[in-house]
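The values are calculated or read from the model by the stated rules, or taken from the named source; none is laboratory data. Because the structure is a prediction, the values reported are computed rather than measured. Reconstructed Cβ throughout: ideal geometry from the backbone, glycine too, with neighbour counts over all protein chains shown. Accessible surface areas use protein heavy atoms only, side chains included; no ligands, DNA or RNA. Shrake-Rupley method; radii C 1.70, N 1.55, O 1.52, S 1.80 Å.
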Amino acid sequence: MTERKPIEYWLSDMDGVLVHEGRPVPGADEFIRRLSASGRPFLVLTNNSIYTRRDLSARLGQLGLDVPAEAIWTSALAAARFLADQRPEGTAYVIGEAGLTTALHEADYVLTDLNPDYVVLGETRTYSFSSITRAIRLIERGARFVATNPDPIGPSPEGSLPACGAVAAMITRATGVEPYFVGKPNPLMMRTALNRVGGHSESTAMIGDRMDTDIVAGVEAGLETILVLSGVTRKDEVERFPFRPSHVVPSIADVIDMIDP
């Protein structure tokens, strides 16, 4: 490993790092408090596009984690930013929930199923056959296909749930059209996050629980990477990947002492 600068800016995944199956990970509250007390800029990144930033801030607050809305960045917000840059004031047919539809409205997008510029696929707990069929037909007619994230499954207290990546694969199989995934591990998500905290890659750390999204995104963006073993990736799986995190620790509790006061 090359010598790096001290960590001045912090990026962290949410599910599997700060919370797991609806409960705070032990040490997450102290991690957030230590960051806030240090004055270090930080941002919580999530591929979850279901909730708005305010919703997520409130949900984290109920778990004892004081994360302000402005310190949260979702794949829905990144997707809306991307679409606004690519085709300002465009139109989209959306499969998703409030986090995605709100972000697109705030980006001056019109949501419609009449000849939209884009089909935008996000996360929802109730993927419907009729909405997926409508998306397929719109893509067949020329709508561009964008998805918030490539995650094939998501966690729930009952077990795995099919997520955006799995539904996107079904639409791709039906249309032959691959989506453009905006969320992690797309470097676009990391660049927008770095811009929001005003950070530089040489002095920024990315904390995540997945080698295939969080860590590879951090590696490709040139960040210091910290894998916590409280989520998806197990310790015995790390060596299977061609890239390595800078640090592997049991949980977010082991990251607290890395924050300079």
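Taking the Cα centre of the range 110-201 as origin and charging only Cβ (+1 Lys, Arg; -1 Asp, Glu), how large is the dipole, in debye to the nearest 20?
Details: 9 positive and 7 negative charges, 33 e Å.
Computed charge dipole of the range 110-201: roughly 160 debye.
From the alpha carbon gyration tensor of the range 44-94, can you work out the equivalent ellipsoid semi-axes (sqrt of 5 times each eigenvalue) and give them in Å, largest to smallest?
Values: eigenvalues 133, 20, 12 Å².
Semi-axes from the Cα gyration tensor: 26, 10, 8 Å.
Comparing D85, D113, D29, which has the greatest mean-square fluctuation in the GNM of the chain with Cα pairs linked when under 10 Å apart?
Highest fluctuation among the options: D85.
Computed FRET efficiency, Cβ-Cβ of N115 and A169, R0 22 Å: what is it to the nearest 0.05?
On the way: r = 25 Å, r/R0 = 1.14.
E(calc), rounded to 0.05, equals 0.30.
Calculate the translational D of the chain in whole µm² s⁻¹ from Stokes-Einstein, where the hydrodynamic radius comes from the Kirkwood formula applied to all Cα pairs, the temperature is 37 °C and the viscosity 0.692 mPa s.
Values: Rh = 18.7 Å.
For these conditions, the coefficient is 176 µm²/s.
Fully extended, how many nm does the chain gain between E30 and E202 (0.36 nm per residue separation, minus their Cα-Cα distance)? Mind dumping the intermediate values first?
Details: separation 172, 0.36 × 172 = 61.92 nm, distance 2.51 nm.
The E30-E202 span can extend by a further 59.4 nm.
Over the chain, what is the percentage of antiparallel beta bridges among all DSSP beta bridges, to the nearest 5?
Details: 4 of 35 bridges.
The answer is about 10 percent antiparallel.
Accessible area of the chain with a 1.4 Å probe: how many percent of it is carbon plus sulfur? Present the calculation step by step, with values, prior to reporting the outcome.
Details: 6110 of 12330 Å².
Whole-percent figure for carbon plus sulfur exposure: 50.
For the range 78-132 and the range 158-224, compute the distance between their C-alpha centroids and round to whole Å.
Distance between centres, Cα-based: 18 Å.
Could you tell me the calculated FRET efficiency between F129 and I153, based on Cβ-Cβ distance and R0 = 22 angstrom, to the nearest 0.05?
On the way: r = 19 Å, r/R0 = 0.88.
Efficiency, rounded to the nearest 0.05: 0.70.
For E106 and I259, calculate 0.36 nm times their separation in residues minus their Cα-Cα distance, and state this gained length in nm to one decimal.
51.6 nm
Extending each Cα 7 Å along its Cβ direction at L161 and E89, get the distance between those two points in nm, one decimal.
3.6
Among A103, A69, A78, which one shows the highest mean-square fluctuation when the chain is modelled as a Gaussian network with alpha-carbon springs under 10 Å?
A69
Run through the range 129-206 and list the trypsin sites (Lys or Arg not before Pro) located in a DSSP loop whose Cβ has at most 10 other Cβ atoms within 10 Å.
On the way: sites: R134, R137, R141, R144, R173, R191, R196; in loops: R141.
Hits after loop and neighbour filter: R141.
Using 0.36 nm per residue of separation minus the Cα-Cα distance, give me the extension gain between D212 and K235 in nm, one decimal. If you can, show how the numbers build up before the last one.
On the way: separation 23, 0.36 × 23 = 8.28 nm, distance 1.36 nm.
Full extension from D212 to K235 adds 6.9 nm.
Per residue, how much accessible area does the range 67-200 have with a 1.4 Å probe, in Å²?
Values: 6220 Å² over 134 residues.
With the other protein chains kept in place, the range 67-200 gives 46 Å² per residue.
Nearest-5 percent of antiparallel DSSP beta bridges in the range 12-108?
In the range 12-108, DSSP labels about 25 percent of beta bridges as antiparallel.
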